[in-house]
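To keep things clear, I will list the structure first and then write my remarks on it.
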């Protein structure tokens, strides 16, 4: 097992960051303990050649320098909380405003910037843990989190569990940037996307929801049929203009807390298909509109605007301030549990349903 765990770097305080290698069938994956980030994910293309389909960096310094949450586990609350505050049980909790006037992805020192502990590791799985103390980044309750990555059956599965000693809010996700043509292949705009969502949550400037759950019918937010990511991303439509392109939460059809299909993506270059399944009610499809300014990626690859896309499974943005949304409240002693699976294949293009 030692060959599956190697040193990746050291934090300024001397804490060692490790790189963990998982292998499952024809796939392999690297996780680093800084932010619990997925550093690489090797998937066979239509010819059986391995393709690294996630963005990542060669050094810990680059991970610490970037501000795009590349590959990381994010929390305590993924996505945005409007006005950097929320009220729970009649008490208002102020948070750090790290995205304009809003709180984003857990704050100034969210879970993406902390070193996780390796609880267990096998050839194809690893369990990471993190304890977030009461009051960290303004959130109530000591939250104990365990995340298990498992590689197998052509898929990367992520299992999230958390328990708090006080009522709190909790919304955990992973922020991988996928590029199914290869992490170093440039823009993803020619890759195809389909979302299993007939509704979405419209936003105002700052990407905070209006509180409405709106139908996608007749709008550019309708991604229920396969289309290239770049097909209408720059259309003159207020929702796209406010976010610089796709960066919205879609409401997964038929959500009932069980594992359901959320999204489908495909590269015509490699023929790699990625299907996303989740137990969560929403998925943030982000097309990497603001990736400019990243350090060089693995092997010196330039990572610029729209060189990767994210499918962040989640509770809806700003849910603590919208009681109409599915609740993100985690009661003291109860367990938060969610699962997301990214499943890969490379079928003959003639066998694909591109409708």
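The values are calculated or read from the model by the stated rules, or taken from the named source; none is laboratory data. Worth saying up front: this structure is predicted, and the values here are computed from it rather than measured. Glycine gets a Cβ as well: all are built from the backbone with ideal geometry, and neighbour counts include every protein chain shown.
Criterion first (in contact (Cβ under 8 Å) with a residue 24 or more places away in the chain and more than 17 Å from the chain's Cα centre (by Cα)) does residue 33 satisfy it?
Values: in contact (Cβ under 8 Å) with a residue 24 or more places away in the chain: yes; more than 17 Å from the chain's Cα centre (by Cα): no.
For residue 33, the condition - in contact (Cβ under 8 Å) with a residue 24 or more places away in the chain and more than 17 Å from the chain's Cα centre (by Cα) - is not met.
When both residues are 6+ apart or on different chains and their Cβ atoms are under 7 Å apart, which pairs have a first residue that lies in the range 88-102 and is without any contact (Cβ under 8 Å) to a residue 24 or more places away in the chain, and a second that is buried (at least 17 other Cβ atoms within 10 Å of the Cβ) and part of a loop (DSSP other than H, G, I, E, B)?
These pairs meet every condition: 98/107.
Kindly provide the set of residues from the range 327-355 that are in a loop (DSSP other than H, G, I, E, B) and either over 19 Å from the mean Cα position of the chain (by Cα) or within 26 Å of residue 48 (Cα to Cα) (or both), ordered by number. Break it down stepwise before answering.
Let us first name the residues in the range 327-355 that are in a loop (DSSP other than H, G, I, E, B), namely 327-328, 331-334, 346-348, 352-355.
Result: 327, 331, 332, 333, 334, 346, 347, 348, 352, 353, 354, 355.
Loosely packed, with under 15 Cβ neighbours inside 10 Å, without any contact (Cβ under 8 Å) to a residue 12 or more places away in the chain and assigned to a loop (DSSP other than H, G, I, E, B): is that true of residue 292 in this structure?
So residue 292 fails the test.
Considering only the range 186-209, how many residues are assigned to a loop (DSSP other than H, G, I, E, B) and either touching a strand residue (DSSP E or B) at 6+ places or on another chain (Cβ under 9 Å) or within 20 Å of residue 341 (Cα to Cα) (or both)?
So the count comes out to 11.
With the requirement that a residue be within 20 Å of residue 244 (Cα to Cα) and without any contact (Cβ under 8 Å) to a residue 12 or more places away in the chain, what does the range 183-217 give you?
Of everything in the range 183-217, just one residue is within 20 Å of residue 244 (Cα to Cα) and without any contact (Cβ under 8 Å) to a residue 12 or more places away in the chain, namely 210.
Considering the range 275-289 alone, what residues qualify as being farther than 15 Å from residue 69 by Cα and part of a strand (DSSP E or B)?
Across the range 275-289, the qualifying residues are 275, 276, 277, 278, 282, 283.
For (1) without any contact (Cβ under 8 Å) to a residue 40 or more places away in the chain; (2) closer than 18 Å to residue 248 by Cβ, each residue gets a yes or a no:
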position: 271; (1), (2): no, no
position: 278; (1), (2): no, yes
position: 287; (1), (2): no, yes
position: 311; (1), (2): no, yes
position: 321; (1), (2): no, yes
position: 327; (1), (2): yes, no
position: 339; (1), (2): no, no
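For the range 35-50, name all the residues that are at negative phi and surrounded by fewer than 23 Cβ atoms within 10 Å (Cβ to Cβ).
Residues satisfying the conditions are 40, 42, 44, 45, 46, 47, 49, 50.
Residues being in contact (Cβ under 8 Å) with a residue 60 or more places away in the chain and in a loop (DSSP other than H, G, I, E, B): count how many of those fall in the range 123-143.
4
Considering only the range 144-182, state which residues are buried (at least 22 other Cβ atoms within 10 Å of the Cβ), within 16 Å of the chain's Cα centre (by Cα) and assigned to a strand (DSSP E or B).
Passing the criteria: 147, 149, 156, 158, 160, 171, 173, 174, 178.
Could you say whether any residue in the range 232-248 is in contact with a strand residue (DSSP E or B) (Cβ under 6 Å, 6 or more places away or on another chain), touching a residue at least 60 places away in the same chain (Cβ under 8 Å) and surrounded by fewer than 24 Cβ atoms within 10 Å (Cβ to Cβ)?
No, the range 232-248 has no match at all.
Name every residue in the range 256-274 that is part of a loop (DSSP other than H, G, I, E, B) and crowded, with 17+ Cβ neighbours inside 10 Å, in order of residue number.
Listed by number, the residues that qualify are 267, 270, 271, 272.
Collect the residues in the range 64-77 that are surrounded by 19 or more Cβ atoms within 10 Å (Cβ to Cβ) and in contact with a helix residue (DSSP H, G or I) (Cβ under 9 Å, 6 or more places away or on another chain), keeping them in residue-number order.
Within the range 64-77, 69, 70, 71, 72, 73, 74, 75, 76, 77 qualify.
Tell me yes or no: at least one residue of the range 120-135 is modelled with pLDDT of 95 or more, touching a strand residue (DSSP E or B) at 6+ places or on another chain (Cβ under 8 Å) and farther than 20 Å from residue 21 by Cα. Talk me through it step by step, then tell me what you get.
Quick first cut of the range 120-135, residues modelled with pLDDT of 95 or more only: 120-135.
Among the residues that remain, those that are also touching a strand residue (DSSP E or B) at 6+ places or on another chain (Cβ under 8 Å) are: 120-121, 123-132.
From what's left, farther than 20 Å from residue 21 by Cα: 131-132.
For the range 120-135, residues modelled with pLDDT of 95 or more, touching a strand residue (DSSP E or B) at 6+ places or on another chain (Cβ under 8 Å) and farther than 20 Å from residue 21 by Cα: present.
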